[in-house]
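Worksheet: one structure, shown below.
Bear in mind these aren't lab numbers, they're just calculated from the coordinates by the rules spelled out. Keep in mind that this is a model prediction, so the values were computed, not measured. Every residue, glycine as well, gets a Cβ built from its backbone with ideal geometry; the counts of neighbours run over all protein chains shown.
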Amino acid sequence: ILKLGVCLKMGENKHEEKIINEAIKILTKDKKFEDRYSSDIDGLKNRIYQIKQNKYRLGVIGVTSSGKSTMINAFLGEQLLPGKTAPSSSQLVSCFQDSKRQAKIFFADGNVFEYTDDELTSEIICKYGDEFYNEDNKYKVNHIEITTPAFPFSEDLLLVDSPGLGAYGFENHEALTLNSLLPTIDFCIFLTTCKANSDAKMKSVLDLVAEYNKPVLIVQNMIDSIYETANRSESVSEIAQAHVARIEKIIEASELKDKAQVKIVQISAKWALDSITEKKA
């Protein structure tokens, strides 16, 4: 079924690619237009690159400090993406299964740096994808692509990590996620936590997901942070279920069309990544 879906998607992609090429042709016809819309042209060229991959695109979105990088590192089987409590990722990072363990850094000027095997380290990804090292994208990175045979999903699926939402002073990150990612993905994971979160922020993002009509899976991370109450009036499972009930209320209040199809999964990305790294050790 997935292979059939990819074939159908290829047909859709060819039509989209044709439209994008026509748009690029119009925007580059006049030098003034080309200069004015240079960033939009780069975005359109990046979209063509994505289309040519002929993969289903799974976007991962969530508030800053929800553990997106930790979860994706667990998928990668190692600590590659920067995982901090402060805002970190500043570019879109795509991951998919391949026989090569490799990272490609795509720059706005068209250059591509490749790092394979021992060359590929977390320091390399931090240098180009972490706001602390690549402040205001001083290296002019367009996007980052990571492949590894350890990636647990089908080769037909491309996972896209995005800058976190809701961090004060990093509103450009949110714009990148909502404006550049959502329109181009096939479905998404919305990552939240079992800690206190802004329900209003979550509802606003789910409303935007609904606007683009994207299927969504809600993942509540950090179940490792749940402990039974001091007087033992509530167990861990009861507290966890209360967190699920809170999300269900937000879903019900949102503009998502098929609310019954929205699934909520609780995980500990930390436990998953720790387990993988301990096995390797």
- [ ] List the residues whose amide H sits under 5 Å from the amide H of LEU217, counting only those 5 or more places along or on another chain, with H placed 1.01 Å from N in the peptide plane.
- [x] CYS188, ILE189, PHE190
Task: Other-chain or far-sequence residues with amide H under 5 Å of TYR139's (modelled H) - done: none
Open item on the list: How would region 209-258 be classified by its alpha-carbon gyration tensor: rounded, prolate or oblate, with rounded meaning a/c under 1.5 and the a/b versus b/c comparison settling the rest?
Closed with: prolate
TODO: Straight distance only, please: which aspartates and glutamates reach the Cα of LYS263 with their own Cα at less than 13 Å, same-chain residues fewer than 8 apart left out?
DONE: GLU248, GLU252
Task: Rounded to whole Hz, the Karplus (6.51, -1.76, 1.60) HN-Hα couplings of region 111-118, x for glycine and proline - done: 5, 9, 9, 10, 10, 10, 6, 5
Open item on the list: Give me a comma-separated list of calculated 3J(HN,Hα) values for region 26-38, in order, Karplus coefficients 6.51, -1.76, 1.60 applied at θ = phi - 60°, integers in Hz, x for any Gly or Pro.
Closed with: 5, 6, 9, 6, 10, 4, 5, 5, 4, 5, 5, 10, 4
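Pick out, in residue order, every one of the trypsin sites (Lys or Arg not before Pro) in region 185-281 that is DSSP loop and has at most 12 other C-beta atoms within 10 Å; say none if there are none.
Numbers: sites: LYS195, LYS201, LYS203, ARG232, ARG246, LYS249, LYS257, LYS259, LYS263, LYS270, LYS279, LYS280; in loops: LYS195, ARG232, LYS257.
Filter output for region 185-281: ARG232, LYS257.
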Task: Karplus (6.51, -1.76, 1.60) ³J(HN,Hα), θ = phi - 60°, over region 232-243, in Hz, Gly and Pro reported as x - done: 6, 6, 10, 7, 4, 5, 5, 5, 4, 5, 5, 5
- [ ] Given a cut-off of 22 Å, name the pairs among LYS104/LYS138; LYS104/LYS140; LYS45/LYS203; LYS195/LYS270; LYS203/LYS259 whose C-alpha atoms lie farther apart than that in the structure shown.
- [x] LYS45/LYS203
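I need the shape label for region 175-281. Rule: rounded when a/c is under 1.5, else prolate if a/b > b/c, else oblate, with a, b, c from the alpha carbon gyration tensor.
Details: a/c = 2.47, a/b = 1.37, b/c = 1.81.
Oblate.
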